[in-house]
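Everything on this sheet refers to the single structure shown next.
The values are calculated or read from the model by the stated rules, or taken from the named source; none is laboratory data. Keep in mind that this is a model prediction, so the values were computed, not measured. No Cβ is skipped: glycine too gets one built from the backbone with ideal geometry, and neighbour counts run over all protein chains shown.
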Amino acid sequence: MTFRLRIIVATSLAVAFAVIVACAGAWYVARNSLVSSADDSLSALATQITRATEINTDGLGGAIFQVADASGAVVTSSPFGRLPVGPVTKSVADGLRDEVYVTVTIHGAYYRELLIPLPAGQMINQEQEGMQLTTTGVMQLAVPLNGIDHQLRRLEIALLGVAILGTLLAAFFGWLVARLVIRPLNDVTEGIEVLAETTDVTQRLEEGGKDELGSLRRSFNRMLAALDRSQIQQRQLVLDASHELRTPLTSMRTNAQVLQQFDRLSEDDRRQLLNDVMTQVDEMTSLLGDITELARSGKTDSILTSEDLDEMVQLLVDVFNAHGRARGISFDADLEPTKVFIHRDRVHRAISNLFSNALKFSPDNATVRVTLSHGVLDVIDQGPGIKETDLTRIFDRFYRSDEARALPGSGLGLSIVAEVVEDENGSIEAFNVPGGGAHLRMTLPTIS
């Protein structure tokens, strides 16, 4: 079933239900009103024929009159017919119930009957003859409901016509509503189909109004903008990676060409060439690992786990103390116990990149200070610091300052830190230390 048809059916059913309920209510109100009118007529007639000490049956009109005693035997009745004497009638004759209105059937016709209890000794005057009840009894007074039934049947036909007409109108207006609702949806669908055919994510749908459809259009445009940014970043990543790979590949090609004359090279030249090739292979391996990390764009197969961040940092401090021993560089740590909920492998790599950056730019025999408190990790080195123009760019992909171009690296380390921290709902900042040195601050949300 199409969405348009569902709207039409839902609208038609809702209106049809409302119309049917309204018609049924109108019919029951009219029926109760007509029956109440018959009850009023019976009450007025009963007052008319009842006297202080006797019952006078003159002026009954078309009403049926009957008196029965406590045993259920008919004492007297009008010439228009007899009324049934049932359990309710007997209970009234016995004095167990007060006046009662009931509906009875006589020869297939409906009558409205009023039952009035009579005391023992009640005088009844009928056709100039008088009689007296020896026991308690009941007066039965009934009028036919033929006129009411006829009016109700006419009303039923009218209300049925109203219900049918209302349902047809509901279906028509449901079709109109569906058409009005579907039209803007069709516009959105056509726009999406055009985008799917052209794959041009720079296109945008018209914003529309402030209603739900306008919100849908704006949400779709935001998705297109995010996709556009992602494609730009991917293209830039490919271009930057190609540029960065060109240098080590060219160097390796040159060394490979020299190695073709292996027999003519001295032992020292051979060793130097092989060392250069190994260094270039390591550099490319590191670069490819960094590119792979960035290409994941926050997507990871690892799960969030509760970790002791201070223990992770201490392990890395021990590792980098070993790395810096050859240059006399030491990592001095002051760590407070800190619980975090993180992707362990990615955060481990981000902290490792921070330490590697500090180690790279620290002079020989320097000290790198590492502090951790309330989820804030500070790494402060004694290097040349960061130029003011570079403070806002050092976390960009492949960005390398003039001082860093002479050092090994790809310019991806700090950009990986920035992306990991963003994915972990944290933050990363860079400052200069008065007197020299760089200060990098990583903040991660803690578990209280």
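Before moving on, here are some points about what is shown:
- None of V281, V258, V277 is at pLDDT 70 or above, loosely packed, with under 13 Cβ neighbours inside 10 Å and either farther than 30 Å from D200 by Cβ or not charged (D, E, K, R) (or both) except V281.
- Of the residues contained in region 189-204, one or more are found to be in a loop (DSSP other than H, G, I, E, B), modelled with pLDDT under 80 and under 26 Å from the mean Cα position of the chain (by Cα).
- The single residue among R393, R325, R405, R400 that is buried (at least 17 other Cβ atoms within 10 Å of the Cβ) and at pLDDT below 90 turns out to be R400.
- Residues that are surrounded by fewer than 16 Cβ atoms within 10 Å (Cβ to Cβ) and of a type in the set (A, V, I, L, M) were ranked within region 23-34; the one that is farthest from E156 (Cα to Cα) is V29.
- Look at region 376-388: where a residue is over 15 Å from M442 (Cα atoms) and a partner is of a type in the set (D, E, K, R) and surrounded by fewer than 21 Cβ atoms within 10 Å (Cβ to Cβ), sitting 6+ places away or on another chain with Cβ atoms under 7 Å, you get P384/E403.
- Among the conditions (1) buried (at least 17 other Cβ atoms within 10 Å of the Cβ); (2) at pLDDT 90 or above, F320 misses just one, which is (2).
- Every listed requirement among (1) under 23 Å from G436 (Cα atoms); (2) touching an Asp or Glu at 6+ places or on another chain (Cβ under 8 Å); (3) at pLDDT below 85 is met by T367 save one, (3).
- Single condition R179 does not satisfy, out of (1) touching a residue at least 24 places away in the same chain (Cβ under 8 Å); (2) not in a helix (DSSP H, G or I): (2)
- Test: residue in region 383-397 that is in a loop (DSSP other than H, G, I, E, B) and farther than 18 Å from F431 by Cα: yes
- V138 outside any helix (DSSP H, G or I), of a type in the set (V, I, T) and without any contact (Cβ under 8 Å) to a residue 40 or more places away in the chain: no
- D364 being acidic (D, E) and within 21 Å of D308 (Cβ to Cβ): no
- Some residue of region 134-150 being under 21 Å from T2 (Cβ atoms), small (G, A, S), modelled with pLDDT of 80 or more and surrounded by 14 or more Cβ atoms within 10 Å (Cβ to Cβ): no
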